[in-house]
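Please read the structure below before turning to the comments.
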There are 4 protein chains.
Amino acid sequence: MAEEGEEGRPGVGRVEAFSDGVVAIIVTIMVLELHPPVAEGMDRLWTLWPVFLAYVLSYAYVAIYWVNHHRLFGHATRVTNGLIWWNMLLLFTLSLVPFSTSYLGEHHFSREATWVYLATMLFPAIAYTFLQRVIRVTGRQGEAAETYHRQTIRKAIVATLIYIAGALLTFVSPWFGVAAAALVAVLWFLPYGPLDRLFAR
Amino acid sequence: MAEEGEEGRPGVGRVEAFSDGVVAIIVTIMVLELHPPVAEGMDRLWTLWPVFLAYVLSYAYVAIYWVNHHRLFGHATRVTNGLIWWNMLLLFTLSLVPFSTSYLGEHHFSREATWVYLATMLFPAIAYTFLQRVIRVTGRQGEAAETYHRQTIRKAIVATLIYIAGALLTFVSPWFGVAAAALVAVLWFLPYGPLDRLFAR
Amino acid sequence: MAEEGEEGRPGVGRVEAFSDGVVAIIVTIMVLELHPPVAEGMDRLWTLWPVFLAYVLSYAYVAIYWVNHHRLFGHATRVTNGLIWWNMLLLFTLSLVPFSTSYLGEHHFSREATWVYLATMLFPAIAYTFLQRVIRVTGRQGEAAETYHRQTIRKAIVATLIYIAGALLTFVSPWFGVAAAALVAVLWFLPYGPLDRLFAR
Amino acid sequence: MAEEGEEGRPGVGRVEAFSDGVVAIIVTIMVLELHPPVAEGMDRLWTLWPVFLAYVLSYAYVAIYWVNHHRLFGHATRVTNGLIWWNMLLLFTLSLVPFSTSYLGEHHFSREATWVYLATMLFPAIAYTFLQRVIRVTGRQGEAAETYHRQTIRKAIVATLIYIAGALLTFVSPWFGVAAAALVAVLWFLPYGPLDRLFAR
């Protein structure tokens, strides 16, 4: 946490800690949208499913960003102007997720709400791409780092294409958009096993 | 907090810090359900007791998870894919506690609300069990670690059985369910003395 | 943050980090009570003064606890069962401050609200006293530590007496209660200069 | 995080961690003001622009404070009474930003709301100035530190003058006030490149 106390990574720990705080709050305030129904009865509770499903999707989405952020910052070695401000922009774009999540849940996955939701999901992807570029240039160098960056950037491009496809297919049915969001979650979730094995080497 | 700065526990500190943030928020937003009554008078304040009691139960519940998480992560030595995602799932299930707490308080410990509440309490137990299994396999080895895992898993099984018994007895009276939740809190609370002595060795 | 990574203070850092998170949230959610008036005009803004004054008092109160907690934990050397649970109880009692603050502000410093507020302020004092006792016994020993404990315990007793006097004088006018809360803030605030000089030796 | 564990910066890390927590919450709760409109339609969404613009301005404002705080604390070497309490006052003044942001957004950048907003922005500047003075005296000494302090204090004076000019020009049009806030953001944002190069030496 100290500028010098981190063996050659001056200040990186504090940027991580601040990002952790912001992401932890983003992920948690979304659950506040789950208002308990005033009337009793399992059928009343059941009417919450769109809000709940929207929460699950967004929790997975933000969790994926945290995990990627965690791994990416493992490659950062110093705090530059670019790192701080692209990171701030990434956190800003993520902070809009609770809004679009609540919009999606309250409007029961309508076509328009799904559209707004998928749009919100593209902004963090853009900020993250620039953040990664900064860390790729100023952070740890070497073959392992290069492999990491190449692999994750490739995956990010695929994820972005899936989101855009989902946004287009939302014209047919909003559920294609939701499926796109779920598919990206699976995409990021699955291949960490292989990546881990790569890291372990 | 740094990947390397932690003497052989790469990245574990940051997972802990993120979890701390999420749990701190979960525990604190529950108090927001305690709305001050508009009218004055001690009898008006008194009407808050179900919300307050629900808060006390849930605070104890989440606090126990934090303490167990704290001890369990003391045995983690590296961040694996399994550790990150089971931990994320644990935090997700805990994030539902404010919802069911507010449901319980607003519906004055009705049979149904107690049921929903106890169900919510089972989800974190399941996620925690898998998280512990991951750390048992990938974390610190040795006899002390094995003793710790055996003891806490045994206690977790007893706790789960008490919850299920409480859920069944809620058919008789919701207060059995509440008593079950309180009993589990006492169960986890009490035996840390002996555990500590074990640790001190 | 790591159990071993802290030079002889196993796990203390993580208890501090969790406490920081909870206190940071407590202190910040209180500002949410400051709802901007719907109508425009400086006179409308002015009607917020009781809510604002209650916020100022409580911010100072919680800030004092954080500072004292920060210094007290500087004397902790290991995490015991007692330390964890008294700390959890302290955080619980502090988490009730936003409630009584909002009660105080919404009821415009009425006699009853001031009473409730002062009562809420006594709970953390009790939990803190037990927490300090635990750290005094299990934490750092020596003359400097002893001096620190003696001085702060003495001050805590004086603070508690002022609160009780304020609670009694609230029968005359609630403003005595508010003055008591302010006086305690000044009491804790002022003498850190001398304490610092003591520490510096 | 430990009092001793930080190579000559006793306790500074924990003050940073607490400040990070508070600032992370301040920055994130502002997004809660973005209530999704009940009615569907892009034109309904569009009515949110004042609240959104107010959020963008305030996010940039608080982010700038965090970055400055981050760099300033890189110069702190020990926790003094002055450092703790000016920092607490800074966090208090920043905690009023969500209030004035929501006032600004809800009153659609009216003259009065812009005025209140700019006033709120002056308070943190004053607290920050005193905090910097404390760290300048008690923190790291030397030519580089002196250059840093001289440069940032100069910039802070310019920023304050822009705010005051903006507050006066708000009599003409509130958009001058908004422009002043944006201009200060750019002022702080831009020159970190050169500062970084200075730091790198």
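The values are calculated or read from the model by the stated rules, or taken from the named source; none is laboratory data. Because the structure is a prediction, the values reported are computed rather than measured. Cβ placement follows ideal geometry from the backbone for every residue including glycine, while neighbour counts extend to all protein chains displayed. These area figures cover heavy atoms from the full protein model, side chains too; ligands, DNA and RNA do not enter into them. Shrake-Rupley method; radii C 1.70, N 1.55, O 1.52, S 1.80 Å.
Using a 1.4 Å probe, what is the accessible area per residue for the range B:5-50, in Å²?
I get 37 Å² per residue for the range B:5-50.
The listed residues C:VAL172, A:VAL79, C:VAL186 rank as C:VAL172, C:VAL186, A:VAL79 when sorted by accessible area, largest first, using a 1.4 Å probe.
From largest accessible area down, sort C:THR147, A:THR114; use a 1.4 Å probe on the protein chains. Numbers along the way, then the final one.
On the way: C:THR147 40, A:THR114 0 Å².
Heavy-atom accessible area, descending, gives C:THR147, A:THR114.
Ligands, DNA and RNA aside, D:ARG136 has an accessible area near 70 Å² when probed at 1.4 Å.
Which net charge results when you count Lys and Arg as +1 and Asp and Glu as -1 among the other residues whose beta-carbon is under 11 Å from that of B:HIS107? Working shown, then result.
On the way: positive: A:ARG44, B:ARG111; negative: A:GLU40, B:GLU106, B:GLU112.
Summing Lys/Arg as +1 and Asp/Glu as -1 gives -1.
Placing R0 at 41 angstrom, the Cβ-Cβ distance between C:ARG154 and D:THR138 gives a FRET efficiency of 0.90 after rounding to 0.05. Shown here for the range B:157-190: chymotrypsin sites (Phe, Trp or Tyr not before Pro) in loop regions (DSSP other than H, G, I, E, B) with at most 16 other Cβ atoms within 10 Å, namely B:PHE171. Across the copies of the chain, D:ILE164 has label points (7 Å from Cα along Cα→Cβ) spaced 5.1, 5.1, 7.3 nm apart, shortest distance listed first. Computed over chain B, the per-residue total of -39500 (n - 2.57) for DSSP H runs of n ≥ 4 gives a 222 nm mean residue ellipticity of -25500 deg cm²/dmol, rounded to 500.
Could you put C:PHE123, A:PHE52, D:PHE18 in order of accessible surface area, largest first, with the 1.4 Å probe and the full protein assembly present?
Values: C:PHE123 100, A:PHE52 80, D:PHE18 5 Å².
Sorted by accessible area, descending: C:PHE123, A:PHE52, D:PHE18.
Put simply, the Cα atoms of the range C:96-136 extend 40, 16, 8 Å along their principal axes, the longest span coming first.
How crowded by other chains is B:113-122, given as the mean number of beta carbons from other chains within 10 Å of each beta carbon? Write down the numbers at each step before the final one.
Numbers: counts 3, 0, 1, 3, 0, 0, 0, 0, 0, 0.
Mean shielding count: 1.
For chain D, find the longest principal axis of its Cα atoms and tell me its angle to the long axis of helix D:111-138, 0 to 90°, nearest 10. The helix D:111-138 is inclined about 10 degrees to chain D. Principal axis analysis of the Cα atoms in the range A:8-200 yields extents of 58, 33, 29 Å, listed in decreasing size. Across the range D:8-200, the relative contact order, built from alpha-carbon pairs under 8 Å that are at least six residues apart, equals 24 percent. Only protein heavy atoms count here; on that basis, with a 1.4 Å probe, D:LYS155 has an accessible area of about 30 Å². Calculated on C-alpha atoms, the gyration radius of the protein assembly as shown divided by its Kirkwood radius gives an Rg/Rh of 0.94. Note down the accessible area of D:MET42, probe 1.4 Å, to the nearest 10 Å². Probe radius 1.4 Å; accessible area of D:MET42 about 100 Å². The angle between the Cα long axis of helix B:97-106 and the main principal axis of chain B comes to about 10°, on a 0 to 90 degree scale.
The mean count of C-beta atoms from other chains within 10 Å of the C-beta of residues in A:100-107, rounded to a whole number, is 3. Please give me the summed charge of the neighbours of B:PRO98: other residues whose Cβ is under 15 Å from its Cβ, Lys and Arg +1, Asp and Glu -1. The answer is -3.
Comparing B:ILE29, B:VAL62, B:ILE157 along the charge dipole axis of chain B, the residue lying farthest to the positive side is B:ILE157, per the Cβ-charge model.
In this rough spin-label picture, where each label sits 7 Å from Cα along the Cβ direction, the C:ILE164-C:VAL186 distance is 2.2 nm. With its label point put 7 Å out from Cα toward Cβ, D:TRP49 sits 3.9, 3.9, 5.5 nm from the same residue's point in the other copies, in order from shortest. Taking the label point 7 Å along Cα→Cβ, D:ALA119 and its counterparts in the other copies are spaced 3.6, 3.6, 5.1 nm apart, in ascending order.
What's the buried accessible area, both sides, between D and A using a 1.4 Å probe, rounded to 100 Å²? Provide the component values of the computation, followed by the final result.
On the way: alone 11300 and 11290 Å², together 19180 Å².
That pair hides around 3400 Å² of surface in total.
Under the convention that each Lys and Arg Cβ holds +1 and each Asp and Glu Cβ holds -1, the size of the dipole of the range C:1-85 around its Cα centre is about 200 debye.
Please list log₁₀ I(q)/I(0) at q = 0.25, 0.28 Å⁻¹ for the range C:68-134, using the Debye equation with identical point scatterers on the alpha-carbon positions. So the normalised log intensities are -0.98, -1.13.
Inside 10 Å of the C-beta atoms of B:29-42, what's the mean count of C-beta atoms belonging to other chains?
Working: counts 8, 1, 10, 7, 2, 7, 4, 13, 3, 2, 1, 7, 1, 3.
Mean shielding by partner chains, rounded to a whole number: 5.
With all projection directions averaged, the alpha carbon convex hull of the range C:136-183 covers 3.8 nm². Nonpolar atom fraction for the protein assembly as shown, defined as the carbon and sulfur part of the 1.4 Å probe accessible area, stands at 71 percent.
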